[in-house]
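Scroll down for the structure; my scribbles are underneath it.
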Amino acid sequence: MTLHRSRSIAFRILTAVCILLCARILPGEAAKPQRVTRDLQTLYTFDATDGDVIRDRSGASPQLDLKIDKLSAVQWRGDALAVNSSVTIASVAPATKIIQATRRSNEVTIEAWIRPANLKQDGPARIASLSVDTGQRNFTLGQNGNHYEVRLRTSSTSTNGIPAVATPDNTATQALTHVVYTRDAAGNVVVYTDARPKVSTKIAGQFSNWDNGYRLALANELTGDRPWLGELHLVAIYNRALTSREIEQNFHSGPAASAKPATDSGKRLFEEQIAGLLATQCLECHDTLTHKSGLDLSRKQTALAGGENGAAIVPGKPADSLLWQFVESNEMPRNRTALPDSQKKLLREWIESGASWSLDVIDPVVYQYADHASENWIRRLTVPEYIETVRGTVGVDIEKEAHELLPADLRADGFRNTAYNLGIDLKHVESYARLARIIVERMDVLKFVGQFSKDQTLNTDATTRKIVADMGKWILRGPLDDREVTNYSGIATSVASAGGSFEEGMRYLLEAMLQSPRFIYRMEDQRGSGVVSVSGFELASRLSYIIWGGPPDADLLKVAESGDLNDLSKTEVQVQRMLKDPRAVRQSQRFISEWLNLGRLANMQPDQKRFPGWSNELASDMQNETLEFFKQVVWEEQRPLPQLLNAQFTYATPRLAKHYGLKPAGDGLERYDLSGVQSRGGLLTQGSVLTIGGDDASMVTRGLFVLHELLRGVVKDPPPDVNTTPPATRTGLTQRGIAASRIADSNCGGCHARFEPLAFGLEKFDGTGVFHEQDEHGNKLREDGEILIPGTGKPVAYQTSAELMNLLAESDRVKESITWKVAQFAVGRPLGAADVPVLKQIHQQAQKNGGTWTSTLTAIVMSDLVQTTRIRD
Amino acid sequence: MASQTISRRTLLKSVSGATIGLPLLEEMLAHRAQAAPVKPVPVRAFNIFFGLGIPAPLQQEGFDGVLEPLKPLSRKLLIMRQVDQLRCDKKGMNAHYDGAAGAFTAEAPEGEARSGGPSIDQVIRQAHYPKGLPTGIVPSLVAGTFFRRSRVCRYVHSYGMDGTVAGTMQERPRHLFDRVFGTVALASDDRDVRTQRLRRSVLDSVIEDYRFYTGDNSPLGAASKARVAEHLERVRELELRAFALKDSQRNGPALPPRSHIPHDGPADPGGQGIDITLDDLTTEWRLMADLYALSIQMDRVRFGSLTFLAAGERIRLKGDYEYAGRKIWQFDDAGQQNATGDKGCSHEWWHKFNEKQKNEALRAHAHMKMRELAYFLQKLDGPESQEANGKTVLENSLITISTESGDGRHNDVKRELSGVFHAITGANGRFKTGQIMDVGAEGLDVYNTMLAGMGATKRLGPDKRDFKSVDSIRS
């Protein structure tokens, strides 16, 4: 599992370069490339020197060790296990993880470095077998004289895996040989020896009939009567068909190479437990800014340096560590509930084990909620996704009716597509049924079905089943299995038996499919454990819903079916194609709309006496300003995303221009150059954002918006014994003055200093975004302030609003926050500690490619965040 | 109840003047038949939430203070003071939100729309109906009248075992009506037997497909499977509404009048609050309360929550408030605070609470909330609510009333989340009533004691935590 986690785009690129460089170098001649670890299920390296257990070194849990039943039949040679006579080497329990993962992907790779003892053994002699006896198997890699043979059970082969695939004669020799069998989801089979393809063929069908109870055996059948003799150097099984390039990589890695070492347990303990514990229990008082008693526990260097009272953490010595002493005695956290025993135990264990510290800085926002990265909620289509899906699948515009009938999706954790909150109620189900009827009524059903079948008879089972299968594959975004075909074919049968026409049968069939789980939800296989790659069709849906907010098109489904989405370079070609589609623009606008909650503008009701110029039309103009500005920055000019904060132009209607104090131009939404307008430029100076502070232009609300949305900062609740209702402004007292008194207050300032100065630069904008030099009482307004980036201890001063915008746009923290926001919207769940390593890689990759929307989205969809599923063990 | 005759079409008349006809349903007919077996009293649990809370010092005044409207029901309630919800504090989160998410769950939130654990009603539901509720009963009814919508946990107060909302919020009386009493027309021509049969075939296939994803061979993980199971349950309900219940609901209650107050987005203009009159507020609420109570009386609902104003509610209320023939207060939040927007809202009275002062406006708001809650509770305690054991629905059910804070000021977690007002009903003799009790216990222990009393074995909170039973509340 940890091996999978370590996979990165950078690593893949590096690997590809290495392979190209090493392509013609034989094993042992140069630095060996790392073996492929993605989708590795089990790995045996035979480098032990004794014992009867062969350890699974894949890192994919649960470990599947093998037991040698007769040690006298084998000989450990340090780099290999010599099998000299018949022996059973097998897992004690069924190889469930292999079976589940492989059934899920419908793909497999069986790899072995072996040296056959002779070229006469047959049966075939079992090199590796997932089976129960000589007639029943999921797969077997064997040797038959001078060639290799592989039997694989699918829904199109027998339970014995017949017909088998055999390599040509003389492909088996007594030399050390790298033998690899791959079979992809489309049924393409290739067998390689020493990275050269020896046979290519097709084995159709699914792995759905694999037996869950079979054990994995090496060098024999489980019944003990198909022995294979020779040397075992390495055996690996993947639940994916490795590409020829990857096979070459493993070949060059050689028989002795092992996968990357498992993550150090201390590092794991720190990242998964201790960092969160320190963040939630200690950093409130001991971060870089507050560092009470001179102790900053947010960074390794400062934490190990200790504070005024001495060493907080002495690696290996809890008793000498003040941190442990205070926690154990319940003196810390001060004025808070004592740590439960389980957390104390972890803390002690961590210090005892050497206090491994692998993060640059502990970021409290990451630990705000329990880590939901392993929670896999299927995602119900949001209302916009449903509309896009209907449009993309059957060409019907159902927008009006869908908005009328379906309950609105509620915003949770900043977005409306948060999977855990996409619940279901009777109203949904009823609406899906009604909408399905409306959709089908609007369709030219015969023309639509004609794309899949020229035959228009309803009473032939085979014909109907084929229509169901072909049409279903398109509507449900992937192939149907027999159960589904049978189930939906039943509708056609019912219509036929009621004397209905072909068209009527298809209407009811379409209605059913439009309500089916695979249409309403984004179904994925969530079986297995650890980090597993998603299948081609699942990935196709992930890509299309992330990039377009709608279903895969025919091209993408075709690529998924061909198995090419296993190849990252081919996937990226699709991604770039998709990013050029207008649907990608619409989806990006959904992002900005949800992130900034632009829908809020339509409901605003500022006090009419104070803001007589406010109208619903003006609110709508503000929304359109932000959407058009975003489109221009992101798509037309392809600028880095942080420039959304300081780009010197905007779009306004004459009404909005007047509101902003700009000279109106044109009749509609026009572009305004702001390079000569000091006060405006960027999202934060647009009415859509400025209005979040309400009538009083609350500095608290505006400051918290910048802190939470752009800086990913965390502040605690308001402190004790203070009236949180601020006084009203008056002559001599501005909003800044009120804020300054809060900041100066010893009870409030600790937190308010972190966010209110962020809003000082917006002081001249009133609650509806109008710019003033003086407030309503004649007080002169200012725009200078300072910004404190979370994790740093020193605020940076700014003199003008424009300077604040530039500081934000140039801040690494802000850049990273934008990447996080886009990533959260993409995956539809809050991000947590387990996501941090991959988010770092995404961000680096996105920045390397310009930090634009397209580079960010590309980095996200090409990363493990999208390419894999993390399944809780 | 067996000897009690209920007229075929009882009329419930709300103060708003809206009339709701009590439908003729099989359940009612069964009550009338003298020979029919006595129906056992079902297990029910509801969470009733009101926003902004009652400061602990005011709770001490008992029925002489803001709790006065609950006095007529005092024999049937256990009012609990000194219930602490300190563990619900989540650093960095809004205090209103923390307290609201902790009401009925005793845990801190785990997201903007997710509580830290299930609510008590859902644990009881799971314990007594692990395989689902009897046919025709809405699994959980979540409803309310509220105007603060920034985070779901502010206004939804029933959470499933995974901490996600137990049902879609019904915030319009008509929507609640549809959810409970509505029928479904899957086809305009569904009176045609052939069409009906074919449409059933469609539904059968859909059900079969959903069923697969909840079964042993499902490729889904636990969370996803539970969601599909929920969908499957709703499809079955749809089937029932579309085909089976149609005839029985022909004489159902009349559609309630259309709501005139703002809902959805317009109900919460960016946290700035809305202007609303007392009359508009109570008319809407009482219609909701009537419908919710009717749903319980008709045994269409056994679990769920009802919200009267959300956590951190922001309304600028206007109107004369009278109680028992005397004028209590003239609401004019904005005028009395000389402020607009959020600063002119009733919410500010809580921020300004000072026990050394009169706090008249706050008292009036809290008193009014108690009056409105009492209105709902009384609906479940009248002759229409008599059950087979001679007690009323109110007496037989576990109704838990709570709120977001023990003090309006977000100044000190220890004060804000200590002494959070709670009141419960007797749940058919399981808990004491007729008292105001200073419980002096953590909310988690109080709730777990309630769960134990209701026969649920699951406990809220961390698995390894020692459960301190609050035996004083059990009868």
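General remarks:
- The set of residues from region B:198-226 being without any contact (Cβ under 8 Å) to a residue 40 or more places away in the chain, in contact with a helix residue (DSSP H, G or I) (Cβ under 9 Å, 6 or more places away or on another chain), facing chain A (nearest Cβ under 7 Å) and of a type outside the set (S, T, Y) comprises B:L198, B:V202, B:V206, B:E208, B:D209, B:F212, B:P219, B:L220.
- Subset tally (residues that are closer than 15 Å to A:S679 by Cβ and surrounded by fewer than 17 Cβ atoms within 10 Å (Cβ to Cβ)) for region A:782-793: 2
- Of residues in region A:666-679 being more than 20 Å from A:E763 (Cα to Cα) and surrounded by 12 or more Cβ atoms within 10 Å (Cβ to Cβ), the one modelled with the lowest pLDDT: A:G666
- Where a residue in region A:399-426 is of a type in the set (A, V, I, L, M) and its partner, wherever it lies, is assigned to a strand (DSSP E or B), with Cβ under 6 Å and at least six apart: A:A419/A:R379; A:L422/A:R380
- Those strands (runs of 3 or more DSSP E) of region B:381-472 in which at least 1 residues are among the polar types (S, T, N, Q) and within 21 Å of the chain's Cα centre (by Cα), considering only elements entirely within it, cover B:398-403, B:422-425.
- Flag for A:S593 being hydroxyl-bearing (S, T, Y), in contact with a helix residue (DSSP H, G or I) (Cβ under 8 Å, 6 or more places away or on another chain), under 18 Å from A:V861 (Cβ atoms) and at pLDDT 95 or above: no
- Residue that is farthest from the chain's Cα centre (by Cα), among those in region B:53-107 that are polar (S, T, N, Q) and modelled with pLDDT of 90 or more: B:Q60
- Applying the condition of being within 12 Å of chain A (Cβ to nearest Cβ) and of a type outside the set (D, E, K, R) to region B:144-157 and asking which residue is nearest to B:R241 (Cα to Cα) yields B:V156.
- Here is the figure for region A:725-762: residues that are closer than 13 Å to A:L781 by Cβ, within 14 Å of another protein chain (Cβ to nearest Cβ) and out of contact with any helix residue (DSSP H, G or I) (no Cβ under 9 Å at 6 or more places or on another chain) total 0.
- Apart from one condition, B:D162 fits all of (1) more than 14 Å from B:A311 (Cβ to Cβ); (2) at the interface with chain A (Cβ under 9 Å from one of its Cβ atoms); (3) under 14 Å from the mean Cα position of the chain (by Cα); the exception is (3).
- Residues that are in contact with a Gly (Cβ under 9 Å, 6 or more places away or on another chain) and among the basic types (K, R) within region A:398-414 comprise just one, A:R411.
- Residue, nearest to the other protein chains (Cβ to nearest Cβ), within region B:346-370, restricted to residues that are charged (D, E, K, R) and closer than 20 Å to B:R154 by Cα: B:E348
- Search result, residues across region A:138-155 that are of a type in the set (G, A, S) and assigned to a strand (DSSP E or B): A:G142
- Filtered by the rule that a residue be over 14 Å from A:V861 (Cα atoms) and outside any helix (DSSP H, G or I), region A:537-551 gives A:G550, A:P551.
- Any hit, region A:486-504, residues being over 20 Å from B:T195 (Cα atoms), within 11 Å of chain B (Cβ to nearest Cβ) and part of a helix (DSSP H, G or I): yes
- Where a residue in region A:173-187 is of a type in the set (S, T, Y) and its partner, wherever it lies, is assigned to a loop (DSSP other than H, G, I, E, B), with Cβ under 8 Å and at least six apart: A:T173/A:L119; A:T173/A:N146; A:T177/A:D194; A:T182/A:E107; A:T182/A:A241; A:T182/A:L242
- Leading residue by the ranking (nearest to B:Y210 (Cα to Cα)) among those in region A:396-418 that are assigned to a loop (DSSP other than H, G, I, E, B) and more than 9 Å from chain B (Cβ to nearest Cβ): A:L406
- Applying the set (1) of a type outside the set (V, I, T); (2) farther than 26 Å from B:W349 by Cβ; (3) buried (at least 24 other Cβ atoms within 10 Å of the Cβ); (4) within 14 Å of another protein chain (Cβ to nearest Cβ) to B:S119 leaves exactly one unmet item: (4).
- Subset tally (residues that are more than 10 Å from A:E625 (Cβ to Cβ) and among the polar types (S, T, N, Q)) for region A:649-699: 6
- Checking region A:576-589 against the condition returns no match, with no residue being touching a strand residue (DSSP E or B) at 6+ places or on another chain (Cβ under 7 Å), more than 17 Å from A:T868 (Cα to Cα) and surrounded by 17 or more Cβ atoms within 10 Å (Cβ to Cβ).
- Single residue of region B:313-345 satisfying the filter (of a type in the set (D, E) and farther than 20 Å from B:S150 by Cβ) that is nearest to the other protein chains (Cβ to nearest Cβ): B:D332
- Criterion: crowded, with 23+ Cβ neighbours inside 10 Å, of a type in the set (S, T, N, Q), more than 12 Å from every other protein chain (Cβ to nearest Cβ) and in a helix (DSSP H, G or I) - qualifying residue of A:T393, A:T389: A:T389
Matching residues to (1) closer than 16 Å to B:Q122 by Cβ; (2) touching a Pro at 6+ places or on another chain (Cβ under 8 Å); (3) within 14 Å of chain A (Cβ to nearest Cβ); (4) surrounded by 19 or more Cβ atoms within 10 Å (Cβ to Cβ):
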{"position": "B:E416", "(1), (2), (3), (4)": "no, no, yes, yes"}
{"position": "B:G419", "(1), (2), (3), (4)": "no, no, no, yes"}
{"position": "B:G429", "(1), (2), (3), (4)": "no, no, no, no"}
{"position": "B:D438", "(1), (2), (3), (4)": "no, no, no, no"}
{"position": "B:Y447", "(1), (2), (3), (4)": "yes, no, no, yes"}
{"position": "B:M454", "(1), (2), (3), (4)": "yes, no, no, yes"}
{"position": "B:R459", "(1), (2), (3), (4)": "yes, no, no, no"}
{"position": "B:V470", "(1), (2), (3), (4)": "no, no, no, yes"}
{"position": "B:I473", "(1), (2), (3), (4)": "no, no, no, yes"}
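- The residue of region A:351-386 that is nearest to the chain's Cα centre (by Cα), among those that are surrounded by fewer than 22 Cβ atoms within 10 Å (Cβ to Cβ) and among the small types (G, A, S), is A:A373.
- Among the conditions (1) within 12 Å of chain B (Cβ to nearest Cβ); (2) over 30 Å from the mean Cα position of the chain (by Cα), the only one that A:R680 does not satisfy is (1).
- B:A293 meets the stated requirement of being more than 14 Å from chain A (Cβ to nearest Cβ), among the hydrophobic types (A, V, I, L, M, F, W, C) and assigned to a helix (DSSP H, G or I).
- Counting only helices (runs of 4 or more DSSP H) wholly contained in region A:269-346, the ones carrying 3 or more residues that are in contact (Cβ under 8 Å) with a residue 60 or more places away in the chain occupy A:275-281.
- Residue satisfying all of: in region A:594-631; within 33 Å of the chain's Cα centre (by Cα) and outside any helix (DSSP H, G or I); farthest from the other protein chains (Cβ to nearest Cβ) among these: A:L596
The values are calculated or read from the model by the stated rules, or taken from the named source; none is laboratory data. Values in this document were obtained by computation on a predicted structure and should not be read as measured data. Every residue, glycine among them, receives a Cβ derived from its backbone with ideal geometry; neighbour counts consider all protein chains shown.
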